[in-house]
Amino acid sequence: MSAAGTATLLVALSGAVVSCDPEPSQRADKQSPAAATHSQGRPKLQVKYAMNTYYLPRAAGSEATEYKLHLATSKPSPGSAPRTIKNVKVTFDLSAVKNKATLYWINNHYGCKRSADSLTCTPGDIKEGAGAEFTPFAIRPEPHAGKGPAGPLKITVTGANASTAHHTTQLVIGAPVLTARQPEKLTEVKPGSELPLTPAFGNNGDTDIDDDLTVVLKADQATLRKQYRNCRYDKAAAPTKAVCTFSGPLPAGAAYETDGPLTAVTDKTARRGSISYSVYRAHDTQDAELLPDSAPRGTGAPLALRPVDGSGSAFTDSGHWKAEMAKGELEFVTTEIRDRHATGFTIKGKVGQVVDVDVLGSDAPYQGATRLTLPEGMSLEGPRDGDPSEFLFCTYAEGDDGPVECPEPKMTSPTLRVRVDKRVEGAQGSISVASDPSDPDQDNNTAPIKVEYLD
């Protein structure tokens with residue numbers, strides 16, 4: 001991906017919308033939820049998906065980075081037709097860029113025109129509840145420009161019949177590169193056991209992060225212990241997400257790890273899962289990642305940071321959003337992966353109807369062939385002309401009325417095609433999977449096949 005494309009992603013990264021803004025003191029540029037709703041007065045405009053701090057990389061060969069903007073509007077009141085905001089205009093104050101950076105192209109499609117230290121774009125009319133997303137320009141620092149703050153980029157959005165919206169992005173020449181330590185995958189994990197994870201992250205760029213830091217932890221097929229009081233959790237019981245805050249800065253060349261582990265407990269039925277963490281600059285954390293101040297906090301002492309060596313290959317950047325975030329992930333596989341249990345199912349159909357059944361489903365833990373005994377009153381139908389060649393079908397294993405065998409899933413899961421010949425009340429078959437000595441539970445290798453007759 002080019003640096004220009006990367007920068008577009010960077011700006012979009014912070015704009016995911018959530019129902020509440022948990023850090024109002026850090027997000028004064030954003031309207032409150034009440035401000036985004038319909039009122040009896042003028043419609044409202046809002047600047048969204050714009051960074052609070054925007055870095056301009058100085059590395060040799062860096063391309064111009066694209067500045068992306070998303071405008072949002074108030075919503076029409078229930079039962080009312082949306083009003084049209086007329087003649088929307090976006091003005092960029094570029095005085096901070098003078099003699100420090102150059103605009104390399106300007107988006108004429110949205111009527112963007114530059115005059116001295118000002119750039120004006122005219123997206124046109126926008127209806128309430130809609131918005132406009134566009135890239136007004138690309139920018140690159142001048143070779144002689146010194147590293148550090150370049151000044152504010154001030155944005156003003158107006159409409160002929162709407163309130164005015166403002167946003168300020170602090171431009172910085174140079175860029176941090178956030179990295180995160182990548183844990184090694186764990187196997188032979190016992191279901192229901194604890195997994196400790198110690199997040200570690202660094203700054204491999206040429207510019208300090210003069211901001212606090214946010215670490216977001218997520219558990220898949222596991223839950224989190226509510227351990228630390230500087231961490232908020234998405235649920236009071238069995239949370240699967242934690243948002244922890246740490247004081248900055250994060251200097252260029254520095255790396256830290258938490259001074260204690262964050263602990264997850266794997267689900268008792270988990271076969272595989274992951275514990276992931278993402279680190280962000282606090283003022284530009286993705287909105288969708290945050291939790292409200294009212295979210296439950298941990299009960300223990302606050303989690304702190306301690307310095308580590310972040311120069312090793314275990315510390316990697318995100319590849320796309322280097323200045324904005326980095327991610328580490330601990331994948332795990334439990335001993336349940338060897339449990340080849342059968343999952344029962346129900347055949348539903350009318351007498352005389354031919355029915356297709358996905359025997360194994362999308363998440364069935366099967367390897368090798370599967371044996372079925374059809375319920376009484378059912379007969380097996382084979383593939384038809386026109387069925388794709390990659391489709392798999394269950395067939396009779398011995399003769400035309402014995403057990404049915406379904407092949408091992410490959411590109412597709414096998415289909416059981418049966419004809420409901422007659423109604424037999426209480427009819428029931430079975431599905432079974434072969435096992436081996438490593439299977440930890442031999443008792444769940446067989447399950448029932450039930451019938452539901454549709455009148």
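Amide H contacts of K127 (H built 1.01 Å from N, in plane; Pro and chain starts excluded): I85 sit under 5 Å, all sequence-distant by 5 or more or on other chains. Here, region 93-249 has an Rg and a Dmax of 22.6, 66 Å when only alpha carbons are counted. Pairs from the table (K113/K154; K235/K322; K218/K322) lying more than 22 angstrom apart at Cα are K235/K322. Ranking N444, L71, A270 by Cα position along the charge dipole of the chain, where only Lys, Arg, Asp and Glu carry charges on their C-beta atoms, puts L71 farthest toward the positive end. A cut-off under 14 angstrom between Cβ atoms defines the neighbours of G159, and their net charge, with Lys, Arg +1 and Asp, Glu -1, is +4.
Once you compute Rg and the Kirkwood Rh from C-alpha atoms, what is the Rg to Rh ratio for region 45-173?
Details: Rg = 15.9 Å, Rh = 15.5 Å.
Rounded to two decimals, Rg over Rh is 1.03.
One chain, two ends: H320 and T335. Fully extended at 0.36 nm per residue, the span grows by 1.9 nm beyond their Cα-Cα distance.
Our coupling estimate for region 153-161, obtained by passing each phi through the Karplus curve with A = 6.51, B = -1.76, C = 1.60 and θ = phi - 60°, is 9, 9, 10, 10, 10, 10, x, 4, 10 Hz, Gly and Pro reported as x.
By how many nm would the segment from R42 to T158 grow when fully extended, if each residue of separation counts as 0.36 nm and the alpha-carbon distance is taken off?
On the way: separation 116, 0.36 × 116 = 41.76 nm, distance 1.17 nm.
Between R42 and T158, full extension yields an extra 40.6 nm.
Remark: relative contact order (the chain) = 14 percent; criterion is Cα-Cα distance under 8 angstrom and separation of 6 or more residues. Only protein atoms count toward the accessible area here, which uses a 1.4 Å probe; on the chain, the carbon and sulfur part of that area reaches 48 percent.
Estimated at 0.36 nm per residue, the fully extended path between S247 and A304 surpasses their Cα-Cα distance by 19.6 nm. Between the residues L178, G260, P82, the greatest Cα displacement towards the positive end of the dipole of the chain, with unit charges on the Cβ of Lys, Arg, Asp and Glu, is found for P82. Overall, region 45-173 carries a charge dipole of about 120 debye about its Cα centre when +1 sits on the Cβ of Lys and Arg and -1 on the Cβ of Asp and Glu, all other atoms neutral. Computed from the Cα positions only, the extents of region 178-337 along the three principal axes stand at 46, 37, 26 Å, in decreasing order.
Mean separation of Cα pairs under 8 Å and 6+ residues apart, divided by the residue count of region 166-280: what relative contact order is that in percent? List each step's numbers first, then the result.
Details: 237 pairs, mean separation 42.8, N = 115.
So the answer I get is 37 percent.
A369 sits among other residues whose Cβ lies under 9 Å from its own Cβ, and their net charge, with Lys and Arg +1 and Asp and Glu -1, is -1.
What's the angle, to the nearest 10 degrees (0 to 90), between helix 3-13's Cα axis and the longest principal axis of the chain? So the inclination is approximately 80 degrees.
Below 25 Å Cα-Cα, how many Lys pairs turn up in region 339-453? Only count pairs eight or more apart in sequence, or on different chains, if you could.
Working: K348/K422; K348/K450; K350/K422; K350/K450; K422/K450.
The result is 5.
Note on R229 and T346: their simple-model spin labels are 5.1 nm apart, each label 7 Å out from Cα toward Cβ. Between S432 and E452, the FRET efficiency from the beta-carbon distance, with R0 = 22 Å, is close to 0.55. Here is the list for region 322-426: trypsin sites (Lys or Arg not before Pro) lying in DSSP coil, each with at most 13 other C-beta atoms within 10 angstrom of its C-beta, are K350, R384, K410, K422, R423. Simple spin-label estimate for K410 and E398 gives 2.6 nm between the two label positions (7 Å along the Cα-to-Cβ direction from each Cα).
Assign unit charges at the C-beta atoms only (+1 for Lys and Arg, -1 for Asp and Glu), then state the dipole size of region 178-337 relative to its Cα centre in Debye, rounded to the nearest 20.
Numbers: 18 positive and 23 negative charges, 153 e Å.
For this selection, approximately 740 debye.
Evaluated with a Cβ-only charge set (Lys, Arg +1; Asp, Glu -1), the chain carries a dipole of roughly 2300 debye about its Cα centre, given to the nearest 20. Convex hull volume of the C-alpha atoms in region 339-453, normalised per residue: 104 Å³.
The values are calculated or read from the model by the stated rules, or taken from the named source; none is laboratory data. Since this is a predicted model, take the numbers as computed values, not measurements. Reconstructed Cβ throughout: ideal geometry from the backbone, glycine too, with neighbour counts over all protein chains shown. Heads up: the accessible areas ignore ligands, DNA and RNA and are worked out on the full protein's heavy atoms, side chains in. Shrake-Rupley method; radii C 1.70, N 1.55, O 1.52, S 1.80 Å.
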